[in-house]
Amino acid sequence: MLVATVSLPVPLRRGFDYRVAADLAARLRRGCRVRVPFGGRSLVGIVVQAPREAPGAVAELRDIEALLDEEPLIPAELLGLCEWAADYYLHPLGEVLGAAMPGGLRRGEPARVARAECYALTAAGRAALDTLADSRRAQRSLLQALVAGPRARAALDASAAVLRRALDAGWIEPSVAAPSLPRVVAPTPTPEQAAALAQLATDDAGFAVHLLEGVTGSGKTELYLRRIEAALASGRQALLLAPEISLTPQLEARLRERFGDGVHRYHSTLTDKARAQVWLAARDGSARVVIGTRSAVWLPFARLGVIVVDEEHDTSYKQQDGFRYSARDVAILRAKRLDIPVLLGSATPSLESLHNARSGRYRHITLRRRVHAAPPPRVRVLDVRGLPLDHGLSPPLLQAIERHLGDGGQALLFLNRRGYAPVLLCHACGWRAPCTRCDAHLTLHRGRNLLICHHCGAQQPPPRHCPSCGSTGLLAVGAGTERIEQALANRFAQYRVARFDSDRITSHAALERQLADIRAGRAQILVGTQILAKGHDFPGLSLVGIVSADQALYGSDFRAVERMGQLVTQVAGRAGRAGQPGEVWLQTHEPEHPLLQTLARHGYGALCEALLAERRDTGLPPYSHLALLRAESREPTLALRFLQQVRTRVPAGEVTVFEPVPSIMERRGGFARAQLLLQSASRAALHRALAGVVPQIEAWPQARRLRWSVDVDPYDLM
DNA sequence: AGCACGCCGACT
DNA sequence: GTCGGCGTGCTC
């Protein structure tokens with residue numbers, strides 16, 4: 001009898017064997033999708049072991065219902081990568097494969113490549129461009145995009161409805177060929193770029209990791225493009241990973257002007273159908289360049305020739321729930337398996353990457369010069385102890401803002417906290433509005449007039465009286481972006497304030513509108529969160545204020561200072577215009593803190609030196625490897641007790657197994673959470689320990705009474 | 001994760 | 001007398 005092994009989208013770390021009819025056996029290859037009966041339902045799985053003669057008694061097996069692909073949908077290379085990742089992250093292969101496929105294909109829809117649609121401008125369309133009202137922005141930009149010639153549907157940034165309307169109006173028509181020729185000639189590299197290119201080219205053949213460290217504006221993107229160009233020239237494809245492409249349209253625009261319509265984007269806000277088309281285009285080789293977020297690292301490229309990871313330090317590369325992989329790390333491993341180069345780019349590389357560069361595992365290339373030669377900003381630590389704070393802003397900072405605005409500059413205030421105030425406090429009795437499901441306070445949002453929990457999303461209208469003592473003296477304590485925005489709007493009434501946070505920026509269009517206001521000088525003050533640290537250029541910006549640098553300094557997370565250094569440096573990199581150095585002010589209650597001083601006086605590189613020394617002394621990554629076993633349950637103490645039992649089963653050896661502890665915020669979303677930390681200088685030993693204990697836990701009946709998960713190389717220990 | 005099977009409370 | 005609560009057990 002013939003038997004094939006199938007991987008299924010269930011949280012079980014093993015494959016399932018099915019009986020195969022003789023006539024099906026030859027067509028059933030590794031990587032094909034099949035429909036199989038499983039328990040009481042029917043599931044789509046991937047064949048991981050082709051049919052073979054079963055050795056012993058196999059009476060209990062069920063039959064495969066249907067073969068869904070004549071050609072394996074998952075190419076051998078991708079399947080191998082998924083198997084590696086399932087093993088490395090101790091995650092069920094079926095769920096890893098699920099992460100590697102867009103929804104439709106995962107559910108068993110046929111892998112049909114839609115006819116590559118192209119559109120061309122008609123004479124009527126050309127005429128319409130002159131007469132069309134400005135308000136019809138979507139139509140205008142569609143027609144504008146076609147002026148130079150026909151374009152592929154995928155390259156047009158137009159919704160189905162917009163396209164339909166233009167077709168109906170007779171402005172555009174389906175066309176046969178789309179040009180995929182570069183529209184822009186590559187600029188001549190600066191001497192520094194040329195030197196970097198020479199360095200990159202020396203080991204053009206085969207696997208190598210290059211860490212490209214360069215401040216904002218130093219021309220990293222041009223090096224990415226050259227590297228991609230080289231891959232395309234040898235008939236290969238290129239993958240560019242970026243943290244959030246909806247927030248950084250410039251990068252995609254640069255790719256497109258250089259590589260034309262062979263550029264595709266892949267990210268989670270595309271529809272399943274659109275994702276499937278890009279996925280299949282990567283697979284058949286017609287997508288020459290893909291720019292994508294985290295999940296794009298799993299695309300089934302036919303001939304991948306290079307991977308670029310932009311902003312390699314960015315935390316969004318690490319998936320924070322379910323299958324907790326790092327797209328940067330998977331990219332490096334994939335490149336190694338394919339024997340192709342990887343380029344990691346950042347103005348503020350992670351300590352891991354710097355460490356690897358230093359130890360010789362990565363080649364380190366540094367770009368020091370800004371192409372448009374604005375000198376680096378000057379950073380000052382502002383001691384706010386004892387100063388009267390106006391909604392979190394000190395008089396010296398307010399004066400600096402006034403000065404810069406008066407000189408025609410723009411000011412940016414950075415604060416990593418949304419909302420109006422993080423705490424609503426009763427001045428009479430000390431009651432503070434709590435979240436009922438988390439160990440946290442509710443954040444007051446004035447705009448929506450709601451108290452919102454930033455950890456579980458719970459919301460409620462703010463009370464008028466204190467629920468505890470009835471007093472009406474409720475105070476908003478602390479400052480978020482809404483409050484800073486309002487304080488600045490009141491104080492500088494003659495200027496306009498633009499707020500950038502996820503409450504205000506809910507769409508690409510909203511972001512573009514506000515960015516346009518800033519660039520055109522219609523708004524002069526920017527207030528916002530992380531969003532402002534991500535690659536936007538503000539040519540008129542002369543002052544950056546970090547509202548508080550303190551949180552990271554007494555944070556309990558070992559990466560907090562590294563992250564602050566990256567954030568401050570990234571935000572600071574936005575300052576400086578027309579040859580004038582920008583100014584960066586850091587408000588703090590701990591002005592003497594050595595790490596803060598190091599950052600302010602000597603910059604990010606020096607901060608990393610200090611942090612690396614600290615990590616070495618404490619044996620933290622990158623000088624050791626970590627894994628976290630997390631557990632959560634509704635019953636308050638169950639998770640912790642469970643992990644205590646797990647601990648006794650971790651095989652001893654070169655691995656330190658800490659006492660399980662309640663998570664920093666123990667109660668979240670109604671669950672009590674706990675974690676067990678494993679640490680080892682040896683990656684192999686850590687993996688052996690996990691591989692020893694995880695299957696045991698899975699087979700454990702009591703493990704079914706709570707939620708548990710493994711996090712290899714955890715990003716934070718929360 | 002589903003989805004079954006399996007024993008105890010308020011309803012047509 | 002039944003519908004259904006979700007505990008626990010299994011899925012080739």
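The values are calculated or read from the model by the stated rules, or taken from the named source; none is laboratory data. This one's a predicted model, so the numbers in the text were calculated from it and none came from an experiment. Virtual Cβ from ideal backbone geometry, glycine too; neighbours counted across all protein chains shown. Surface areas here come from the heavy atoms of the whole protein model, side chains and all, with no ligands, DNA or RNA. Shrake-Rupley method; radii C 1.70, N 1.55, O 1.52, S 1.80 Å.
Miscellaneous remarks
- Rg/Rh (Cα only; Kirkwood hydrodynamic radius) as it applies to chain A: 0.98
- Among beta bridges identified by DSSP and lying wholly in the range A:1-141, the antiparallel ones come to about 95 percent.
- Options A:S624, A:L638, A:M718, ranked by Cα towards positive dipole end of the range A:592-718, top entry (Cβ charges): A:L638
- If you look at the Cα atoms of the range A:300-398, you get an Rg and a Dmax of 20.1, 63 Å.
- Computed magnitude of the charge dipole of the range A:527-610 (debye, nearest 20; Cβ of K, R +1, Cβ of D, E -1): 300 debye
- The count of lysine pairs in chain A whose Cα atoms are under 24 Å apart, excluding pairs fewer than 8 places apart on the same chain, comes to 5.
- Whole-angstrom gap from the range A:309-359 to the range A:566-632, using each part's C-alpha centre: 19 Å
- For A:R13, the shell of other residues with beta-carbons less than 10 Å away shows a net charge of -2, using +1 for Lys and Arg and -1 for Asp and Glu.
- Placing unit charges on each Cβ (+1 for Lys and Arg, -1 for Asp and Glu) gives chain A a dipole about its Cα centre, and among A:V263, A:T348, A:V584 the Cα reaching farthest toward its positive end belongs to A:V263.
- Rounded is the label for the range A:235-333, because the ratio a/c of its alpha-carbon gyration tensor axes (a ≥ b ≥ c) stays below 1.5.
- Only Lys, Arg, Asp and Glu carry charge here, each on its Cβ (+1 for the first two, -1 for the last two); on that basis chain A has a dipole of about 900 debye about its Cα centre.
- Summing charges over all other residues whose Cβ lies under 15 Å from the Cβ of A:A552, with Lys and Arg as +1 and Asp and Glu as -1, gives -3.
- Cα centroid separation, the range A:91-121 to the range A:197-240: 28 Å.
- Three-way shape label, the range A:612-709, alpha-carbon gyration tensor, a/c 1.5: oblate
- Remark: the Cα gyration tensor places the range A:494-635 in the oblate category, a/c being 1.5 or greater and a/b not exceeding b/c.
- Within chain A, antiparallel bridges make up roughly 55 percent of the DSSP beta bridges whose residues both belong there.
- Surface accessible to a 1.4 Å probe, per residue, for the residues of the range A:343-498, Å²: 49 Å²
- The range A:127-258, dipole about Cα centre (Lys/Arg Cβ +1, Asp/Glu Cβ -1), debye to the nearest 20: 400 debye
- Charge dipole of the range A:368-429 about the Cα centre (unit charges at C-beta), most positive-ward option of A:A411, A:Q399, A:H427: A:A411
- Value at 222 nm in deg cm²/dmol, rounded to 500, when DSSP H runs of n ≥ 4 in chain A each add -39,500 (n - 2.57): -9500 deg cm²/dmol
- The residues of the range A:590-630 expose, per residue, 43 Å² of accessible area to a 1.4 Å probe.
- Per residue, in Å², the accessible surface of the range A:89-137 once ligands and nucleic acids are set aside, probe 1.4 Å: 53 Å²
- Chain A, accessible surface, carbon-and-sulfur percent (1.4 angstrom probe): 52 percent
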